[in-house]
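The values are calculated or read from the model by the stated rules, or taken from the named source; none is laboratory data. Model, not experiment: these values are computed from the prediction. Cβ: placed from backbone, ideal geometry, glycine included. Neighbour counts: every protein chain shown.
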Amino acid sequence: MSGILPVKKPQGFTSFDVIGKLRGVTKTRKIGHSGTLDPMATGVLPLFFGGATKCCDILPNGDKKYVADLKFGIVTDTQDTTGKILSECESHVTKTDFIAVMEGFIGKQLQLPPMYSAVKINGRPLYDLAREGKTVERAQKEIEVYEINLLDFDEHAQTARIEVSCGKGTFIRTLINDMGEKLGCGAAMSSLERTAACGFDISECYTISEIEEMMKEGTFEQHLIPIERLFESLPRLVLDDFDKRLYRSGVPLELQKRGWGGIEGDIAVFDESGMLLGLSYMDEEANELKLKKMLNTDK
């Protein structure tokens, strides 16, 4: 069994809870995921089964899209409404105020990872330290927000709903917290749905109950998506049988001898049958096709 299944994560589950549940449902131990979602969050969680788990850390498309609700006038230790309230005030944010601040958060920027997150410091997740009441220094990370759309604004209730398109590593609750800080009143996330991730849309996702039904009907493997789909956006290099054997044995392939060159960045390497063999790049200086990750999907 090898492939990807985009799952609709339910609220209250961690990403690892979903994996644990589906290990029991599918009787498969080898399952991975491509990005953690908080227990509060719902939505797209691509899961990787069997040999596809080798792709979890090499996905070419790390972009994501979210829909989030937020409340003005509140700051919490988790930056969402499930946390301990640190400060609260009567806010008077107008739609015009919020749009002006919101637009200032589009583009590349530095973001400080929240203490309640899976980011690791010296091998320990920050949330473990946060639960012990500790706050540690952590480095800001560059993120990119491509677009923010205001979907709803209630001036009386002092709430809003936004849609955010962003690159990997972006914390939406931190984005909202920082917007609230800029407004001078604070803000906390009250709900979050990931509507797209790694090239998968929420419309393609299956619920846990639907997956249970697939297992009963014996159709689960038919729904798995081949890993080749993940690398459709990359340049493609097709090897003949001779070069395929060399490639999979780890033998360097000379570029000039084969007339290869001029491609920058990652390349998806296929055999003539269309099977993805691995991820590589062309080292023009060394005159070699360098291996980045061997996938060996037929083993």
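At a glance:
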quantity: Candidate set from segment 58-77 (those that are in contact with a strand residue (DSSP E or B) (Cβ under 8 Å, 6 or more places away or on another chain) and of a type in the set (Gly, Ala, Ser)); member that is farthest from ALA196 (Cα to Cα); calculated: GLY73
quantity: Any hit, segment 202-219, residues being in a strand (DSSP E or B) and either touching a helix residue (DSSP H, G or I) at 6+ places or on another chain (Cβ under 9 Å) or at negative phi (or both); calculated: yes
quantity: Residue in segment 231-254 that is of a type in the set (Phe, Trp, Tyr) and over 30 Å from VAL7 (Cβ atoms) present; calculated: yes
quantity: Any pair with Cβ under 6 angstrom, 6 or more apart, that starts in segment 168-180 at a residue that is outside any loop (DSSP other than H, G, I, E, B) and ends at one that is at pLDDT 95 or above and among the aromatic types (Phe, Trp, Tyr); calculated: ILE172/TYR66
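Each row is one residue, and each column tells you yes or no for (1) of a type outside the set (D, E, K, R); (2) surrounded by 13 or more Cβ atoms within 10 Å (Cβ to Cβ); (3) free of Cβ contacts under 8 Å to residues at least 60 places away in the same chain; (4) not assigned by TED's automatic domain parsing to the domain that holds THR36.
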site: GLY186; (1), (2), (3), (4): yes, yes, no, yes
site: SER191; (1), (2), (3), (4): yes, yes, no, yes
site: ILE208; (1), (2), (3), (4): yes, yes, no, no
site: GLU212; (1), (2), (3), (4): no, yes, no, no
site: GLU221; (1), (2), (3), (4): no, yes, no, no
site: LYS257; (1), (2), (3), (4): no, no, yes, yes
site: GLU272; (1), (2), (3), (4): no, no, yes, yes
site: MET275; (1), (2), (3), (4): yes, yes, yes, yes
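Per-residue answers, yes or no, for (1) under 20 Å from PHE153 (Cβ atoms); (2) hydrophobic (A, V, I, L, M, F, W, C); (3) buried (at least 19 other Cβ atoms within 10 Å of the Cβ); (4) modelled with pLDDT of 95 or more:
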residue	(1), (2), (3), (4)
PHE48	no, yes, yes, no
LYS54	no, no, yes, no
ILE74	yes, yes, yes, yes
ILE85	no, yes, no, yes
